[in-house]
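Single-structure report; data block below.
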Amino acid sequence: MSAASAIVEWGGEGRVLVASSRTDVRLRVLREFPSAGQASEATGGADALIQLAGGDFRMLLIDPHLEDLNVEELIETIHTRYPQVRIVMMEEEEGSASPRFDATQEGESTEEQSCGTEGSSLAWNAQPEQLAMEPKPPSLAIEPLPGMIGTSTKMQQLYRLARLVAPHDTTVLIVGGTGTGKELVARGIHEMSRRSRGPFVVVNCAAIPESLLEAELFGFTRGAFTGAFQSRLGRIHSAHGGTLLLDEVGELALGMQSKLLRFVQEGEVQRLGSGDLFRVDTRIVAATNTDLLQRVREKQFREDLYYRLAVFPLELPPLRSRPEDIIPLAQHFLIALCRNASVPRKSLSPESVVLLRKYSWPGNVRELQHGIERAFILAESNGQIRPGDFSITADAS
């Protein structure tokens with residue numbers, strides 16, 4: 001029987017995703033499915049993660065020779081994010097350029113069964129019940145990104161994904177509320193990448209007036225506009241060999257989105273007032289506190305730009321969703337304040353600990369940091385920070 005029939009027999013209802021960096025492999029596998037709607041293709045690991053996030057897939061057929069991501073780490077990520085998805089590893093048949101599918105678990109062996117039609121080169125090296133690979137046991141705590149604090153499950157997942165994508169030049173989109181630490185994540189990715197010795201340039205797209213943003217990003221030549229007394233490189237060019245963080249990218253005007261799209265697609269920069277194009281080797285990390293897909297639906301953000309930026313999305317959770325991190329963060333900020341002020345170390349009273357845990361922190365980590373700084377000042381020479389030193393209440397929303 002065909003591969004598609006085998007999937008149905010194994011209970012693989014729903015769609016199947018075929019992930020391979022090799023076009024010929026994807027096409028050969030897709031031909032095994034009688035209906036085009038039964039299977040979709042992903043051009044790599046990052047593309048597979050995006051499609052799994054946006055589609056109802058029940059099975060992933062994955063090529064072990066992906067060009068963009070480490071396959072083992074990718075599989076761990078999928079097990080964590082999408083435990084309902086069955087994963088089947090594709091391997092080359094000996095002496096053939098066609099793929100076979102190997103879903104055996106480590107240490108097990110099964111008799112290879114031919115499940116293809118006569119003349120088919122596809123073989124399934126697994127019993128049906130072996131297709132769903134068991135998730136690996138939890139590993140030891142993952143080291144936080146440089147400059148970050150937190151050991152909660154959600155932050156552990158973030159650290160792992162960030163470390164997974166950092167060595168590659170894949171474009172990353174960081175989504176999170178104001179004050180969650182999006183710039184810290186971007187800087188951590190930069191420092192763990194092969195570009196760490198290059199510049200890390202930040203552009204806050206919401207803070208620069210639209211009339212000036214193009215000149216800031218792309219640069220300009222002398223006389224390009226009133227006040228352009230000398231030529232200047234833009235921020236994109238300044239990040240050559242390094243990383244460019246486009247913070248609050250959702251605030252870009254539609255006209256600027258079109259110009260940014262050309263750079264993201266072609267890697268070329270054209271300064272204002274000049275017809276010359278410059279090739280720039282800059283990795284893009286974008287960040288936003290808005291729902292960009294909603295803005296796409298509202299025609300406020302270009303769909304093609306969104307998918308260019310969201311190759312590898314990372315979601316930064318709000319502080320209220322990881323309460324176990326609140327006190328370690330507060331203590332970290334308090335220790336730093338004492339050290340900088342050259343005063344004996346202060347501590348949080350038990351009542352303050354309860355208060356901090358019960359507060360919802362709408363301003364996230366930034367609000368916590370500022371709250372600890374204010375309490376530190378109001379505590380004066382007291383060795384403990386008490387609830388009265390804070391300007392918050394436990395029942396705040």
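Brief remarks follow.
- Local net charge near Gly242, Cβ-Cβ under 12 Å (Lys/Arg +1, Asp/Glu -1): +3
- Under 14 Å from a label point set 7 Å out along the Cα-to-Cβ vector of Asn70, the amide N atoms of the stretch 142-167 belong to 142-143, 159-167.
- Remark: the stretch 153-315 carries a charge dipole of roughly 400 debye about the Cα centre, counting +1 on each Lys and Arg Cβ and -1 on each Asp and Glu Cβ.
- Candidate lysines for bridging to Lys259, where Cα separation is under 28 Å - those fewer than 8 sequence places away on the same chain excluded: Lys182, Lys299
- If you take all other residues with their beta carbon under 13 Å from the beta carbon of Glu41, and give Lys and Arg +1 and Asp and Glu -1, the sum is +1.
- Formal net charge of residues neighbouring Gly147 (Cβ-Cβ distance under 11 Å; K, R +1; D, E -1): -1
- Efficiency of FRET from Cβ geometry, Glu298 and Leu27, R₀ 51 Å, rounded to 0.05: 0.90
None of the figures in this text is laboratory data; all of them are computed from the coordinates on show. Quick caveat, the model's predicted, so the values are computed rather than measured. Note that we place each Cβ from the backbone using ideal geometry, even for glycine, and neighbour counts take in every protein chain shown.
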